[in-house]
Amino acid sequence: MGMCLLNRYRDFLPITSATPLITIGEANTPLVRSRKLEQETGCSELYFKLESCNPTGSFKDRGMVMAVAKALESKSRAIMCASTGNTSASAAAFGARCGLATYVLIPKGNIALGKLAQALVYGARVISIDGNFDQALSIVRALTQKHPITLVNSLNPFRIEGQKTAAFEIVDALGEAPDYVFIPVGNAGNITAYWKGFGQYKQAGKSRKMPKMMGFQAAGAAPIVLGKPVSQPRTIATAIRIGNPASWQGALAARDESGGVIDSVTDEEILAAYKLLASKEGVFGEPASAAGVAGLIKCAQRKLDLSGKKVVCIITGNGLKDPDTALQSGQPLLEVPADLAAVEQAMGC
Ligand code: AN7
């Protein structure tokens, strides 16, 4: 279907006759069957939902298209978010497309290079604070109360509305909801949105069952697992370096109502899954995306029986966004003279 996201799922979205059906080509992302990990983890069927294929390279475009459409509908002239990088890239893209002033607040030194480049080239006003994401979000909440600027973090309920469409696409592609969804958790908007989407689709008779939601935080930034905020979150997966998630309650509801888990994976487990995904599956997700996959591997190692089960891992963002981690994790670059014999030697022939 060549129809934009807002139009395709308009019956499930807060669309009115006054909502502009904007698009930058978001959503309708591939669901790709695994070749390797399916056998290794003992799933009956394992799929990767490539949210990394969105126009700005992450799932954020789904929620942002809805939030910005509603901002335009309400005649807003400006949008603002705090971000670990992907939300800011998406806000900046839609802001540019729609002629809105866009302000983004990011934690200094902890945003992947590609994401920073995106926000700057789309023309957002990018402000880096000497603090973390949680501090940035609290400043943005205060500023958007004080000034006529629309908040486009997932505290804005339209973000969750747009993001839930990924669950619709999975059910539409499989003809039924999967048994398990493995997903990284940062600010917890995405797991909240998926759970809402699966619920609405079931209610509409589009599926008969609901998946177990398996959310994974990084061990150094695992407030939901620990049951208390983390004041100085740390992880190589900067996208989910969040110590006090805004949608904490939504994540708990998704876990408890689905019979799933919110657990953590170490940076070592994240990096191992990141490398395996790229080198064995040809799927280059960013480190945060690998947290969900690392969670699947961890569960399989702890003897979670996935035989007969359909499993989906959400690849939330594109690996190209974080070239530093890629260059440190991949094969070494071989540099040789411009000489046939030297190249042969480097090839190992
Ligand atoms: C690739 O961009 O929070 O649990 O400010 O970029 O819904 O927060 C990003 C989060 C997973 C976690 N994977 O999703 C931001 C931001 C990637 C991400 C998450 C993020 P949520």
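The values are calculated or read from the model by the stated rules, or taken from the named source; none is laboratory data. No experiment lies behind these values; they were computed from the predicted model shown. Cβ coordinates were reconstructed from backbone atoms using ideal geometry, including for glycine residues, and neighbour counts include every protein chain displayed.
Things worth noting here:
- Close pairs (8 angstrom Cβ cut-off, 6 or more residues apart or separate chains): modelled with pLDDT of 95 or more in region 332-349, aliphatic (A, V, I, L, M) and in a helix (DSSP H, G or I) anywhere: Leu334/Ala346; Val336/Ala342; Val336/Val343; Val336/Ala346
- Restricting region 53-78 to residues that are outside any helix (DSSP H, G or I), in contact (Cβ under 8 Å) with a residue 60 or more places away in the chain and within 14 Å of the ligand (Cβ to nearest atom), the residue that is surrounded by the most Cβ atoms within 10 Å (Cβ to Cβ): Phe59
- Ile111 vs. criteria surrounded by fewer than 16 Cβ atoms within 10 Å (Cβ to Cβ), among the β-branched types (Val, Ile, Thr) and within 16 Å of the ligand (Cβ to nearest atom): no
- Meets criteria (outside any helix (DSSP H, G or I) and surrounded by fewer than 23 Cβ atoms within 10 Å (Cβ to Cβ)) for Leu155: yes
- Checking Glu26 against (1) in a loop (DSSP other than H, G, I, E, B); (2) over 22 Å from the mean Cα position of the chain (by Cα), the condition it does not meet: (2)
- One residue from Ala272, Ala254, Ala278 being under 18 Å from the mean Cα position of the chain (by Cα), away from the ligand (no atom under 13 Å from the Cβ) and either surrounded by fewer than 18 Cβ atoms within 10 Å (Cβ to Cβ) or closer than 20 Å to Leu304 by Cβ (or both): Ala278
- Residue among Lys298, Lys321 that is modelled with pLDDT of 95 or more, surrounded by 22 or more Cβ atoms within 10 Å (Cβ to Cβ) and touching a strand residue (DSSP E or B) at 6+ places or on another chain (Cβ under 8 Å): Lys321
- Residues that are of a type in the set (Asp, Glu) and either in contact with a strand residue (DSSP E or B) (Cβ under 9 Å, 6 or more places away or on another chain) or modelled with pLDDT under 95 (or both) within region 301-318 are absent altogether.
- Residue in region 181-194 that is assigned to a loop (DSSP other than H, G, I, E, B), away from the ligand (no atom under 14 Å from the Cβ), over 28 Å from Asp11 (Cα atoms) and out of contact with any Lys or Arg (no Cβ under 7 Å at 6 or more places or on another chain) present: no
- When Ser90 is tested against (1) closer than 25 Å to Arg234 by Cβ; (2) polar (S, T, N, Q); (3) surrounded by fewer than 24 Cβ atoms within 10 Å (Cβ to Cβ), only condition (3) is not met.
- Among (1) in contact (Cβ under 8 Å) with a residue 12 or more places away in the chain; (2) farther than 30 Å from Ala272 by Cα; (3) more than 16 Å from the ligand (Cβ to nearest atom) - the single one Gly205 does not satisfy: (1)
- Exclusive hit being among the small types (Gly, Ala, Ser) and in contact (Cβ under 8 Å) with a residue 24 or more places away in the chain, set Gly175, Gly99, Gly95, Gly109: Gly95
- Some residue of region 182-202 being out of contact with any helix residue (DSSP H, G or I) (no Cβ under 6 Å at 6 or more places or on another chain), touching a residue at least 24 places away in the same chain (Cβ under 8 Å) and of a type in the set (A, V, I, L, M): no
- Flag if Arg97 is among the basic types (Lys, Arg), more than 14 Å from the ligand (Cβ to nearest atom) and in contact with a helix residue (DSSP H, G or I) (Cβ under 9 Å, 6 or more places away or on another chain): yes
- Every residue from region 79-108 that is within 19 Å of Leu320 (Cα to Cα) and in a helix (DSSP H, G or I): Asn86, Thr87, Ser88, Ala89, Ser90, Ala91, Ala92, Ala93
- A single member of Gln217, Gln163 is touching a Gly at 6+ places or on another chain (Cβ under 7 Å) and either closer than 26 Å to Leu271 by Cβ or within 13 Å of the ligand (Cβ to nearest atom) (or both), and it is Gln163.
- Looking only at residues of region 220-251 that are farther than 18 Å from Leu105 by Cα and in contact with a Lys or Arg (Cβ under 9 Å, 6 or more places away or on another chain), we find that the one that is surrounded by the fewest Cβ atoms within 10 Å (Cβ to Cβ) is Arg234.
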